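Here's the structure, in structure tokens; my notes come after.
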Amino acid sequence: MAYLTLERRQKKSKVPARLDVAQSLTGLVLGLFILGHILFVSAILLGPEVAYKVDKALEASFLDPEGHGYSYLVSLAAFTIATILIVHAGLGLRKFPASFRQYRIMQDQIENLNHDETRLWLMQVVTGFILFFFGSAHVFAMMLNPGQIDPYLAAERYFGHGMWLFYLILLWAVVVHAFIGLYRVLLKWGWLCGKPRQARRTLRVVQRVLTAFYLLVGTMSILYYVKLGYERADLPLQKYGQEIQGSSSSTHP
Ligand code: HEM
């Protein structure tokens, strides 16, 4: 049957190539978003005040005469990211091993050929699978709970609600996935300078260094949030914003 189908189709389809372009573009957008996102979250390493200012700036508080910002912008951003994430995941599903036989062929190739690119590809599949559940749960939580982005509330989530493990898994999966993805996009579409073999080696080094850097910064900010949550565990739960408003109103009656 498959033979007959191939015989009939004289004209080669452009659809797979177009889907590949769409997958690379959506991956590029998500990858760049994540690079910025993890750095923004890690503003907590400079203290709750800096994290609060970053949160408020992302809610465009500078446009609000009252300085509160517009939390629905977070829902809007999360909705956009969720849409791109779903499209990207849907396109990625085409490349998953569709049967145990395909999975075994891939494993054999990794073991027998000791092929680095295939190993990276397998890591993409595994981390992509994790992100499908963890990434979408996180983005939908952000989309449905605007106004809950605040350093003290985050600390309560990480420590009090035990979300640190969730974020740790999400962080490691997304960083590994994003940097392998960006490396492979540059390689696949030939966006490299210089001699291909040398450029590829350099790119692989850059990919490893950036992965290590982002994992370090991201893990440190998770630890910081856990510590902050632990220190505030016995205090009444309030936003950092409420605390500074309280202190400014007590000093300026
Ligand atoms: C517009 C969409 C998004 C918003 C508004 C958002 C917001 C946030 C916020 C506020 C935090 C701090 C923790 C908290 O307050 O609970 C956080 C942490 C995190 N987010 Fe997102 N996020 C979005 C999309 C994503 C996506 C698509 C991913 C990856 C698939 C992701 C991965 C992470 C990771 C790994 C952390 C933990 C980082 C760390 O603590 O080092 N986020 N996000």
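The values are calculated or read from the model by the stated rules, or taken from the named source; none is laboratory data. Not measured: the values here are computed from a predicted model. No Cβ is skipped: glycine too gets one built from the backbone with ideal geometry, and neighbour counts run over all protein chains shown.
With (1) free of Cβ contacts under 8 Å to residues at least 40 places away in the same chain; (2) more than 24 Å from Gln207 (Cα to Cα) as the list, and Tyr52 as the residue in question, which single condition is left unmet?
If we test Tyr52 against (1) free of Cβ contacts under 8 Å to residues at least 40 places away in the same chain; (2) more than 24 Å from Gln207 (Cα to Cα), just (1) comes out false.
Does Val74 satisfy being of a type in the set (A, V, I, L, M) and touching an Asp or Glu at 6+ places or on another chain (Cβ under 8 Å)? Reasoning before the result, please.
Working: of a type in the set (A, V, I, L, M): yes; touching an Asp or Glu at 6+ places or on another chain (Cβ under 8 Å): yes.
Spelling it out, Val74 is indeed of a type in the set (A, V, I, L, M) and touching an Asp or Glu at 6+ places or on another chain (Cβ under 8 Å).
Within region 125-134, identify whether any single residue is within 28 Å of Lys239 (Cα to Cα) and assigned to a helix (DSSP H, G or I), and answer yes or no. Even if it seems obvious, please write down each step before you answer.
Taking region 125-134 first, the residues within 28 Å of Lys239 (Cα to Cα) are 134.
Restricting the remaining residues to those that are assigned to a helix (DSSP H, G or I) gives 134.
Yes - at least one qualifying residue is present in region 125-134.
Just checking, how many residues over region 120-151 are over 30 Å from Lys95 (Cβ atoms) and within 10 Å of the ligand (Cβ to nearest atom)?
Count: 6.
Which of (1) surrounded by 14 or more Cβ atoms within 10 Å (Cβ to Cβ); (2) over 16 Å from Gly135 (Cβ atoms); (3) within 16 Å of the ligand (Cβ to nearest atom) is the odd one out, the single condition Leu76 does not satisfy?
For Leu76, the exception is condition (1).
Just checking: which of the helices (runs of 4 or more DSSP H) contained wholly in region 1-71 hold 1 or more residues that are modelled with pLDDT of 90 or more and among the small types (Gly, Ala, Ser)?
By residue number, 15-41, 48-58.
Could you tell me whether Gly92 is crowded, with 16+ Cβ neighbours inside 10 Å, at pLDDT 95 or above and in a helix (DSSP H, G or I)? Working first, answer last.
Details: crowded, with 16+ Cβ neighbours inside 10 Å: yes; at pLDDT 95 or above: no; in a helix (DSSP H, G or I): yes.
In short, no.
Go through Phe213, Phe166, Phe159 for me and flag whichever is in contact (Cβ under 8 Å) with a residue 40 or more places away in the chain and within 16 Å of the ligand (Cβ to nearest atom). Quick ask: steps written out before the conclusion?
Numbers: Phe213 fails: in contact (Cβ under 8 Å) with a residue 40 or more places away in the chain; Phe166 fails: in contact (Cβ under 8 Å) with a residue 40 or more places away in the chain.
Going through Phe213, Phe166, Phe159 in turn, just one is in contact (Cβ under 8 Å) with a residue 40 or more places away in the chain and within 16 Å of the ligand (Cβ to nearest atom): Phe159.
Looking at region 171-201, which of the residues that are more than 15 Å from Gly31 (Cβ to Cβ) and surrounded by 13 or more Cβ atoms within 10 Å (Cβ to Cβ) is farthest from the ligand (Cβ to nearest atom)? Show your work before the answer.
Our first condition is that a residue be more than 15 Å from Gly31 (Cβ to Cβ); within region 171-201, this holds for 172, 190, 192-201.
Those still in the list that are surrounded by 13 or more Cβ atoms within 10 Å (Cβ to Cβ) too: 172, 192, 199-200.
On the way: Trp172: 8, Leu192: 26, Ala199: 28, Arg200: 27 Å.
The qualifying residue farthest from the ligand (Cβ to nearest atom) is Ala199.
Hey, can you tell me all the residues within region 138-156 that are touching a residue at least 24 places away in the same chain (Cβ under 8 Å) and either in a helix (DSSP H, G or I) or within 17 Å of Ile180 (Cβ to Cβ) (or both)?
His138, Val139, Phe140, Met142, Met143, Leu144, Pro151, Tyr152, Leu153, Ala154, Ala155, Glu156
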